[in-house]
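A short worksheet on the structure shown next.
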Amino acid sequence: MNSREEECCEMMDKDLHVTFLEMMYHLLPPPYESQEINHLTLAYFVISGLDILNALNSVGKDAVANWVLSFQVHPGTIADPNNGQFYGFHGSRTSQFPPDENGVLLHNNSHLASTYCALAILKIVGYDLSSLDSELLLTSMRNLQRPDGSFMPIHTGGETDLRFVYCAAAICFMLDNWSGMDKEKAKDYILHCQSYDGGFGLVPGAESHENSNLGLNADTI
């Protein structure tokens, strides 16, 4: 922790924040139960928060890694990465369905944002990402990229905007493999999202949005 980080921690009640995050780690409080579908995303905020506060030793890193890996989609049969599906991570138990009696995965609800959060958590706790089947994940992720360069979050459809372009780019960066996206198409989409004031909207033609600019600052395309 550098001097600036130490100064910030002195300005806030660090122990209170750590206690809150530890509580969230063990159990979702009632106000958050409706967000169970985003359990993996909430876990990302908890683990990254503890890491920022130098309190990651309060959780079992191996247990965290095993829990995250349990959300990974594993095809029941020999996977065809070009079959239109995305073999990433589910966001919660409620979106995770077992394969049928023949081992065929009928309800693959793996989500691009959940996959980003899963990989980020694994990286934070020190898991070796090279142990994952990144080729299957990345090849199937290309199924989510639209002709205009944007990404939809799930193979069955959904909204497309810069948030998911960021997720896809971050996934490629963490896995050190850019085969999961057409970079040139993604760049063109990003440029089309630029507004008249120089900022970026979530979609082409939209007003500038701070979240879009923040994502672009962190993007590594």
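Confirm whether G88 is modelled with pLDDT of 90 or more, over 15 Å from the mean Cα position of the chain (by Cα) and open to solvent by less than 10 Å² (accessible area, probe 1.4 Å). Before the answer, list the steps.
Working: modelled with pLDDT of 90 or more: yes; over 15 Å from the mean Cα position of the chain (by Cα): no; open to solvent by less than 10 Å² (accessible area, probe 1.4 Å): yes.
Taking the combined requirement at face value, the residue does not satisfy it.
Scanning the stretch 8-24 for residues that are in a helix (DSSP H, G or I), charged (D, E, K, R) and surrounded by fewer than 14 Cβ atoms within 10 Å (Cβ to Cβ) returns E10, D15. Inspect the stretch 51-68 for any residue being touching a Ser or Thr at 6+ places or on another chain (Cβ under 9 Å), modelled with pLDDT of 80 or more and open to solvent by less than 50 Å² (accessible area, probe 1.4 Å) and give the result as yes or no. Scanning the stretch 51-68 turns up no residue that is touching a Ser or Thr at 6+ places or on another chain (Cβ under 9 Å), modelled with pLDDT of 80 or more and open to solvent by less than 50 Å² (accessible area, probe 1.4 Å). For the stretch 25-80, the set of residues classified as within 20 Å of H111 (Cβ to Cβ), among the β-branched types (V, I, T) and in a helix (DSSP H, G or I) consists of I37, T41, V46, I47, V64, V68, listed by residue number.
Taking the stretch 183-205 as the range and being open to solvent by 30 Å² or more (accessible area, probe 1.4 Å) and in a loop (DSSP other than H, G, I, E, B) as the test, the residues that pass are Y196, D197, G198, L202, V203, P204, G205. Among the conditions (1) open to solvent by less than 20 Å² (accessible area, probe 1.4 Å); (2) assigned to a loop (DSSP other than H, G, I, E, B), the only one that I154 does not satisfy is (1). For the stretch 160-182, the candidate set comprises residues that are in a loop (DSSP other than H, G, I, E, B) and touching a Lys or Arg at 6+ places or on another chain (Cβ under 7 Å); within that set, the residue that is nearest to S150 (Cα to Cα) is T160. Of all the numbered requirements in (1) out of contact with any Lys or Arg (no Cβ under 8 Å at 6 or more places or on another chain); (2) at positive phi, G126 misses one, and that requirement is (1). Candidates in the stretch 111-130 are the residues that are open to solvent by 30 Å² or more (accessible area, probe 1.4 Å) and over 20 Å from R93 (Cβ atoms); of these, the one that is modelled with the lowest pLDDT is S130.
The values are calculated or read from the model by the stated rules, or taken from the named source; none is laboratory data. If you're wondering where the values come from, they're calculated on a predicted model, not measured in any experiment. Using ideal geometry, Cβ is built from the backbone for each residue, glycine included, and neighbour counts are taken over all protein chains shown. Side chains included, ligands, DNA and RNA excluded: accessible areas come from the protein's heavy atoms. Shrake-Rupley method; radii C 1.70, N 1.55, O 1.52, S 1.80 Å.
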